[in-house]
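As structure tokens, the structure follows; a few thoughts come after it.
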Amino acid sequence: MAMRYPILQIAILTTLIVVILFTMFSRYYEEEQFHSLLTRNCYFTRGSPVISSASRDGVFYRAADIAERNEDWGKKVCSLQQLDDLDDFYEYIYTSRVPCDWKMMLGGRLYHKTSKIDGDKWVCLDKQFNISPRRCLIFSFGIGADWSFEDEAEGKLGCKVFAFDPTIKEDTHNRTENIRFFNLGISDFNKTGPNFKVKTNRYCNILNGLGHLNSIIDILKIDVEGSELRFFRDVLEETPNLLKMLNS
């Protein structure tokens, strides 16, 4: 009996060390992937000014640099401001870069019986984005157990919603008249063969398969636990022309 407790303590300590090392490795891997993405060349329209590396918004476009849909979306090298780690990235995406006067919250629910709202998404309905109720189109990647965003997008705006998630063990089906669910995820390569249990595909392939390669996507929601980087890599490096079809 006396020997059990030291052995148990050693086992617990070993488990904690493995968990800590795995967490550190996962974060290091994500930061390396992110750093690799940011240090490559990016694409933007011909005629758009090169973004100064001294600009705080140098990683992506500032409001003044967002291209119009009628511009020529050719390939051109532009400078990128280096972000040191994922914390800088999260700070960037959580900071509003484009002014918005009319915001609407879609989705969200109380987090574990607290007063905190989790899963809410804010949408800008300013006139410049031309999001028309009952005529809007949404692609939503990442559902989990929370359909509140998709349900309210249909209920409040009357949008047609294509929802994707390969991890919730649901077959492709029509959730409602305007919400279509697909047992599929988004990535930077096609992994839809019969041998793959978790199926993913590229953004361009998904749009093309649904007949929306040339459609205006009013709202694109991607909440896929870190795989957003694969989407950014694929679109920025391979299919930057698709960005002109995004409203928000």
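The values are calculated or read from the model by the stated rules, or taken from the named source; none is laboratory data. Note that the structure is a prediction, hence the values are computed from the model and not measured. Quick reminder, even Gly has a Cβ in these numbers, built from the backbone with ideal geometry, and neighbours come from all protein chains shown. The area values use the complete protein model at the heavy-atom level, side chains included, leaving out ligands, DNA and RNA. Shrake-Rupley method; radii C 1.70, N 1.55, O 1.52, S 1.80 Å.
Listed values, structure above:
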| read-out | value |
| --- | --- |
| The range 87-126: trypsin sites (Lys or Arg not before Pro) falling in loop per DSSP and having at most 11 other Cβ within 10 Å | Lys113, Lys116 |
| Computed over the range 121-248, Kirkwood Rh from alpha-carbon pairs, angstrom | 15.0 Å |
| Surface share of carbon and sulfur [accessible, 1.4 angstrom probe, percent] for the range 194-241 | 49 percent |
| Å² per residue, accessible surface of the range 151-248 at 1.4 Å | 50 Å² |
| Estimated FRET transfer efficiency (Arg97, Asn195; beta-carbon r; R0 35 Å; 0.05) | 0.25 |
| Inter-label distance for Thr172 and Asp120, nm, one decimal - labels placed 7 Å from Cα along Cα-to-Cβ | 3.5 nm |
